[in-house]
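Encoded as structure tokens, the structure appears first; notes follow it.
The values are calculated or read from the model by the stated rules, or taken from the named source; none is laboratory data. Predicted model, so just to flag it, every value in this text is computed and none were measured. Please note: Cβ atoms are built from the backbone with ideal geometry, for glycine as well, and neighbour counts cover all protein chains shown. What goes into the accessible areas is simple: the full protein's heavy atoms, side chains included, and nothing from ligands, DNA or RNA. Shrake-Rupley method; radii C 1.70, N 1.55, O 1.52, S 1.80 Å.
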2 protein chains.
Amino acid sequence: MDQLRTQESIGRDVSHLFRSIRNFMGRQLEPYGIGDAQFPFLMLLLHEDGISQEYLATALKCDRATSARSIARLEDTGYVRRVVDPDDKRAYKVFLTEQGHDMGQIVWSVSSDLNNMLLEGFTDEEKLAFRNMIKKAGTNISKWNQNRKTANE
Amino acid sequence: MDQLRTQESIGRDVSHLFRSIRNFMGRQLEPYGIGDAQFPFLMLLLHEDGISQEYLATALKCDRATSARSIARLEDTGYVRRVVDPDDKRAYKVFLTEQGHDMGQIVWSVSSDLNNMLLEGFTDEEKLAFRNMIKKAGTNISKWNQNRKTANE
DNA sequence: CTGCAATAATTGCGTAAGCAACTAATAAAT
DNA sequence: ATTTATTAGTTGCTTACGCAATTATTGCAG
């Protein structure tokens, strides 16, 4: 009841936060020809190479279609190369190119800039608590969504 | 440095949280013919009627274009009515219709369902802290974006 | 071995959001 | 009072994302 009266809404605040992050990342990544959506894929690939789009989608908690399109764009831009998996001709193995590997420094610095920006004025305890709470809330709600989805099948 | 190694990323967690919220809201609102984007506009209008699209955009921290399109959809669906402001013929005054007012109960219940869902397992202190930290992070980064924007003009 | 279910990827469709360019109306400046 | 700047709203373009349907391959059951 108080929500409506005082116009408090976590959903709105998360939305604002998310859109601001996209805005920030968009600006940071523009010089490299990639969008904010490609960033997490690039980041994961820097950590773990030669994986499938399906694996990427699962790890990044997004749809297979989103994964496909993001990887396609990274391929177009030259950061990534797709090789049909010889053990499973349905799947690709996604590898970073030279150019992709060279993004390591930039990815790292943009990522840490974002963190510093977001968490300015937070104590170390708050930083940790914040991360954990975001994850917890995300798990809470995505669990529910998952149940709804499988219920409709 | 640790971010890359451990694959920790607030950005990604916020993204997941946000997309899960959209998913949840989409399901909840589908029966009423509105999308998750319309929800905050409806919510604000239930609180404050007869305001302009510009005002809505500012209050909800989004672009004027987004406000225009969201209100247009609410009008199409019959929840809202636009009247040219007699004191300023450029602007509209956006009013809820009968049907719009009738959404009060649903808006309230969906909103509180979302909150309960997200904050399941949080203590009262954590709930409060979480809200404040989301807002703080959002303010931190949007302030920076704002500076970048005006710097490019 | 053949036929059928599950899986990886792709594509079309719908929704959402921001930026930039434009129109129309108002406010400010000379 | 006329020019100029600002403001409210709209529209086109681009990016992003999820769902559903489709294709191709793999794996399993008979």
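Computed from protein heavy atoms with a 1.4 Å probe, the total accessible area buried between A and B is close to 6100 Å². In the protein assembly as shown, a dipole from Cβ-located charges (positive for Lys and Arg, negative for Asp and Glu) runs towards its positive end, and of A:142, B:104, A:79 it is A:79 whose Cα lies farthest in that direction. Given the pairs A:127/B:143; B:61/B:93; A:135/B:143; A:149/B:143; A:127/B:61, which are separated by over 29 angstrom at their Cα positions? Those over the limit are A:149/B:143.
Give the value in nm², to one decimal: projected area of the alpha carbon convex hull of the range A:72-114, averaged over all directions. Projected area, direction-averaged: 3.8 nm². Size check on the protein assembly as shown: the Cα extents along the three principal axes, sorted descending, read 64, 52, 40 Å. Dipole check for the range A:2-107: with +1 at the C-beta of Lys and Arg, -1 at the C-beta of Asp and Glu, and the Cα centre as origin, the magnitude is about 340 Debye. With a 10 Å cut-off around each Cβ of B:19-30, the average count of Cβ atoms from other chains is 5. The phi-based Karplus calculation (6.51 cos²θ - 1.76 cosθ + 1.60; θ = phi - 60°) puts the 3J(HN,Hα) values of the range A:90-100 at 6, 9, 9, 10, 9, 10, 6, 7, 2, 4, x Hz, whole numbers, x for Gly and Pro. Which of the aspartates and glutamates could a cross-linker span from residue A:136 if the Cα-Cα distance has to be under 18 Å and same-chain partners fewer than 8 positions apart are dropped? Of all the aspartates and glutamates, those that pass the test against residue A:136 - Cα under 18 Å, at least 8 places apart if same chain - are A:13, A:125, A:126, B:8, B:13, B:113, B:120, B:124, B:125, B:126. For the protein assembly as shown, a crude dipole built from +1 on the beta carbon of Lys and Arg and -1 on the beta carbon of Asp and Glu, taken about the Cα centre, is about 440 debye to the nearest 20. Across chain B, Cα pairs under 8 Å and at least six residues apart give a relative contact order of 18 percent.
Compactness of the range A:1-98 was expressed as the Cα radius of gyration divided by 2.2 N^0.38 Å, which yields 1.37. Nearest-to-axis residue in chain B, judged by Cβ distance to the rotation axis that brings B onto A and given in whole Å, is B:18, 2.
Positive end of the dipole of the range A:2-107 (Cβ unit charges, origin at the Cα centre): among A:59, A:38, A:14, the Cα lying farthest that way belongs to A:14. Could you work out [θ]222 nm for chain A from helices alone, using -39500 (n - 2.57) per DSSP H run of at least four and dividing by all its residues? Round to the nearest 500 deg cm²/dmol. Computed mean residue ellipticity for chain A: -21500 deg cm²/dmol.
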